[in-house]
Amino acid sequence: MNAKVRAAAAAAGLAVVTWNVDPRDWQHHDTRLIERSVLARVRPGGIVVLHDRYATTPPAVPYLLHALTVRGYALVTVPQLFATSGGMRPGVVYRHGPTPENARVEHGAVS
């Protein structure tokens, strides 16, 4: 994330949110591969990016929701993810949410 984007976000009072789990569904048009990739990479506080414009991605979602719930994950919005940790700071880039290990540290933030 370049300095111009961070500065514009800060001026608008916004944080920048990206992701730390990318199953590369834009490259691999295979529903089962998308499912395996997400489940292999996801960790507490993770932010997963999926693209619904590819026909093979939406069919992976029901399975992922079920599998992640069975594993004990709570599926939340970005504001919910950061609500219990003091929220997000304008102009800061967040690549994942707070986890028990980094809840007191910058939530995966990059200034």
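What is the local net charge at Leu14, summed over the other residues whose Cβ is closer than 15 Å to its Cβ (Lys, Arg +1; Asp, Glu -1)?
Numbers: positive: Lys4, Arg6, Arg89; negative: none.
Charge balance near Leu14 sits at +3.
Zone of Ala74 (label point 7 Å along Cα→Cβ, backbone N under 16 Å): which residues in region 42-65?
Counting only backbone N, you get 44-47.
Can you pull the one-decimal nm distance between simple spin-label points at Arg89 and Leu14, each 7 Å off the Cα toward Cβ?
2.0
Carbon and sulfur together cover what percent of the accessible area of the chain at a 1.4 Å probe radius? Numbers along the way, then the final one.
Details: 3970 of 6900 Å².
Carbon-and-sulfur percentage of accessible area, whole number: 58.
Classify the chain: rounded, prolate or oblate, from the alpha-carbon gyration tensor (a ≥ b ≥ c, eigenvalue square roots; a/c under 1.5 rounded; otherwise prolate if a/b is larger than b/c)? Before the final figure, lay out the partial values.
Working: a/c = 2.49, a/b = 1.52, b/c = 1.64.
Oblate shape, in that a/c is at least 1.5 and b/c is the bigger or equal ratio.
When the dipole is taken about the Cα centre of the chain, and only Lys, Arg (+1) and Asp, Glu (-1) are charged at their Cβ, what size is it in debye, to the nearest 20?
Working: 12 positive and 7 negative charges, 40 e Å.
In debye, rounded to 20, the chain gives about 200.
If DNA, RNA and ligands are ignored and the probe is 1.4 Å, what is the ranking of Leu39, Leu33, Leu75 by accessible area, most exposed first?
Numbers: Leu39 25, Leu33 60, Leu75 90 Å².
Most to least solvent-accessible, the answer reads Leu75, Leu33, Leu39.
How would Thr84, Thr57 rank on accessible area, largest to smallest, probe 1.4 Å? Mind dumping the intermediate values first?
Details: Thr84 130, Thr57 5 Å².
Solvent-accessible surface, decreasing: Thr84, Thr57.
Under the definition of Cα pairs under 8 Å and six or more residues apart, what whole-number percent is the relative contact order of the chain?
Details: 154 pairs, mean separation 38.3, N = 111.
Across the chain, relative contact order equals 34 percent.
Considering only protein heavy atoms, what per residue accessible area in square angstrom results for the chain with a 1.4 angstrom probe?
Details: 6900 Å² over 111 residues.
Spelled out: the 1.4 Å probe surface of the chain, per residue, equals 62 Å².
Work out from phi, with θ = phi - 60° and the Karplus expression 6.51 cos²θ - 1.76 cosθ + 1.60, the ³J(HN,Hα) of each residue of region 92-98, listed in order in whole Hz, and give x for Gly and Pro.
In residue order, the calculated couplings are 8, 9, 10, 9, 7, x, x Hz.
The values are calculated or read from the model by the stated rules, or taken from the named source; none is laboratory data. Source: prediction; values computed, not measured. When we count neighbours, we look across all protein chains shown, and the Cβ atoms used for this are built from the backbone with ideal geometry, even at glycine. When the accessible area is computed, the model is the full protein with side chains, heavy atoms only, and any ligands, DNA or RNA have been set aside. Shrake-Rupley method; radii C 1.70, N 1.55, O 1.52, S 1.80 Å.
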